[in-house]
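Take a look at the structure set out below.
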Amino acid sequence: MSGGGEIALWHGIATKTHLAGACANATVAALLMRRRGWAMAGRRPDTAMVVALAVTALWCLAVAVAGGLSLTSETALALRNLAWLGLLYWLFASDGRHTSVAPVRPVMGVLGMVAALRPLALIIEGRFGGSLSAGILVFHFNTILAMLSVVGALVLVHNLFTSASPAGRAALRWPALALTVEWGFELNLYTVAWLGNAWPVALAAVHGLVDVGFALAIAMGAIEMRQTLRFRPSHVVTFRLASLLLIGAYLLAMMAVAKWLANAGGDFARWLQFGFLIIAVAAALVLLPSRRLRGWLRVMLAKHFFQHRYDYRTEWLRFTRTISAARGEAGQDGDAAPALNTRAIRALADITDSPGGLLLTPEDDALGLAARWQWPIAVPHRAIEGDLLRFLARHDYILAVDGDAAPRIDGKLTPPPLPAWLRTGGAEDAPQPWAVVPLMHFEQLVGAVVLAQPPVARRLDWEDFDLLRVAGQQIASYLAEHVSQNALAEAARFDDFNRRIAFVMHDIKNLASQFSLLARNAERHADNPAFRADMLVTLRASADRLGALVNRLSGVGAAPAGGDQHAPVALVALASEMVGRFAGRHPIELIERGECVVAGERLGIEQALTHLIQNAIEASPADTPVFVEIIQTGAKGQVTIIDSGIGMSAEFIRTRLFRPFDSSKASGLGIGAYQARALIEGMGGTLAVQSQAGVGSRFTIALPLAPTQMRLAASQAAGEAEITGV
């Protein structure tokens, strides 16, 4: 590239960098003006800081447009230096030292005058002479003035920072650093220009980047609580960067050796070079994916780069994701998430990079194997028992297994000896036991996790003990909750079975009453053929109900099994049969208001009616009839049982009537009304009740009409509308 082309290239770079500097300084100045929450040494941003940033942006713009040595840029540079001197004076004034340090104001005055002389020299040169010698003289004069100005400013910055109090230094750190870097760069720039008798175009081109850094440093110093701003890379970022550096160093070393072999190998250079490359690549493919190498690198980084071994945020997020994964939820490898016991082992093993682990849970005054993860070690049926079990339950200490009979703990007590299977472990080439973590929940030992030794063997320290103990307590809560959920589910199944048994007992009680009544009537009417025929019908119906009760024991829910819940049921015929059954015991009347066929299960409707009619009879005086009314309303068929008995209060209906096992009768089971409502609601119907104490009660069963009955009702309604002319 020719000299002119190279200069043009650097001028283009200077334009771009100074435009970036102008944008950065203008942006920070605007933010300081806008955000009143920003602070500087405990006070709001001063006008001097905003002016300094704005004038710096103006100077960068002038350099980008007119060039670095033009009169415009030199004038803007003088204004910038004056603004910076004002900022420096304000920094002295921030803690009152402008009154105690007497030479500050004269020095600043001199520096301000020197800054103003530089553009004045260019004006004189342009007016009185344009010869080469005059230009060189002005260049040297301006360079000397710039060097004097920069040196004086750096002395002031040094005095400002070194004479400040410790608290003041913390507040002045960023502004002092910004001014030192800026003026230090310019001192080197002017020194190179003086020694070379020419303006260093390449060095001046990157001046804009220094101005960008100046703006960022001022912004960081102006942010409140800036002491907390630290570069704190996470363990993951550091590990990956170190891995990249290690891989890069390996590649560079491989290239260097290959180059040396190419130069020193003589006739066999290419053989040696390619052979070495093949061996190096093979070694890299074997070693780099190694779990042991990754573990060693992670241990070294944690030991030398971080105050703490673990990145607690990352570890806890990973622990939570592992332990909380739903069974059947696909993991990162695409497999379904394992059971909770296995996830518990893995969540704890991932913290210490253990390749496997065991979960032991209580079994007959001992801890037995409940699950394992990637560790085929032989475990006896009673894995931990006796003194060691009591020690873990009492002290909650993590045992560090070092292969001897006296394990280390994070305390001063001496634990009992380890069982033989923990001391010996498995095969020699397999991972060995490394730590035993008790799982405590509300001071109860719910299990223990045995961790295998990591690929890079190390001793457990206080940080391992603390993190494993907290994680173990969290796992213990998960396991205890899991056991409680299983117990609740089993209790719910027993509750469902007991509820069906209670329904059966209630129905058997009703059948027993019917058989007792039948037996008493048989003594008086056994010779009557009509009675015998009716008795056979009653016995057959009772036998059918007993069979249905037996079938219900194997069903689920309150609805009876063994029938179609959507079969057509003629309510009039069913109600007539029920009325005939109770007619001999109490006056009962059936009120029919048209044929009504509903969709339901006949046996369930019969059981509900039996309970409601029997309750109505028991609540009514002996000579007061009970009414059973059948009516069709819209798409519903209704059966209403009306009595004039003792009635019920609104509070009783609301709080006790439909509550199971709550009865006002001395020998009652308290599930009749509950069962009746459950049966009707199971068929898509409703059971409503109206009652008043001392007046009587009205129970209304509403069921959806059968499809054929609904079509018939619709056609009848259409015919009536046609006749009336509607």
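Residue exposure proxy: Trp84, Trp462, Trp59, Trp421, ordered by other Cβ atoms within 10 angstrom of their Cβ from fewest to most, comes out as Trp462, Trp421, Trp84, Trp59. Amide H contacts of Leu439 (H built 1.01 Å from N, in plane; Pro and chain starts excluded): Val446, Gly447, Ala448, Val449 sit under 5 Å, all sequence-distant by 5 or more or on other chains. May I ask for log10 I(q)/I(0) of region 312-488 at q = 0.09, 0.11, 0.18 Å⁻¹, from a Debye sum over the Cα atoms as equal point scatterers with solvent left out? Once normalised to I(0) and log-transformed, intensities are -0.28, -0.43, -1.22. Each residue, Leu539 and Glu618, gets one label point 7 Å from its Cα in the Cβ direction; the gap between the two is 2.8 nm. Computed from the C-beta positions of Arg390 and Phe442, the FRET efficiency with R₀ = 22 Å rounds to 0.80.
Annotation: amide H of Trp375 within the under-5 Å range of Gly357, sequence separation 5 or more or interchain, hydrogens built in the peptide plane. For the pair Ala526 and Met220, the difference between a 0.36 nm per residue extended length and the Cα-Cα distance amounts to 99.3 nm. Using the Cβ-Cβ distance between Gln374 and Asp496 with R0 = 45 Å, the FRET efficiency computed as 1/(1 + (r/R0)^6) comes to roughly 0.70.
Net charge dipole, region 617-657: roughly 260 debye, given to the nearest 20, about the Cα centre with Cβ charges of +1 for Lys and Arg and -1 for Asp and Glu.
Counting 0.36 nm for each residue step from Leu117 to Lys16 and taking away their Cα separation leaves a gain of 33.5 nm. With each label modelled as a point 7 angstrom along the Cα→C-beta vector, the Ala66-His381 pair spans 9.8 nm.
Across region 178-188, computed HN-Hα scalar couplings (Karplus, 6.51 cos²θ - 1.76 cosθ + 1.60, θ = phi - 60°) run 4, 5, 5, 5, 5, 6, x, 4, 5, 4, 5 Hz from first to last residue, x flagging Gly and Pro.
Given a Förster radius of 25 Å and the C-beta distance between Ala688 and Ile646 as r, what FRET efficiency does 1/(1 + (r/R0)^6) yield to the nearest 0.05? Given R0 = 25 Å and the Cβ-Cβ separation, E is 0.80.
With contacts taken as Cα pairs under 8 Å and at least 6 residues apart, region 312-488 reaches a relative contact order of 19 percent.
How would Cys596, Cys60, Cys23 line up from fewest to most surrounding beta-carbon atoms within 10 angstrom?
Numbers: Cys596 24, Cys60 28, Cys23 17.
Listed from fewest to most nearby Cβ atoms, that is Cys23, Cys596, Cys60.
Between Ile671 and Phe661, the built amide H atoms are under 5 Å apart, and every one of these is 5 or more places off in sequence or on another chain. Per-residue 3J(HN,Hα) values for region 384-395, derived from phi via the Karplus relation 6.51 cos²θ - 1.76 cosθ + 1.60 with θ = phi - 60°, read 10, 8, x, 4, 5, 5, 5, 5, 4, 5, 8, 10 Hz in sequence order (x marks Gly and Pro). Computed from backbone phi, the HN-Hα couplings of region 142-159 come to 5, 5, 5, 4, 5, 5, 5, 4, 5, 4, x, 5, 5, 5, 5, 4, 4, 5 Hz, rounded to whole numbers (Karplus: 6.51 cos²θ - 1.76 cosθ + 1.60, θ = phi - 60°; Gly and Pro given as x).
Here, each number is a calculation from the coordinates, and none is a lab measurement. Note that this is a predicted model, so its numbers are computed, not measured. Don't worry about glycine lacking a Cβ; one is built from the backbone with ideal geometry, like all the others, and counts go over all protein chains shown.
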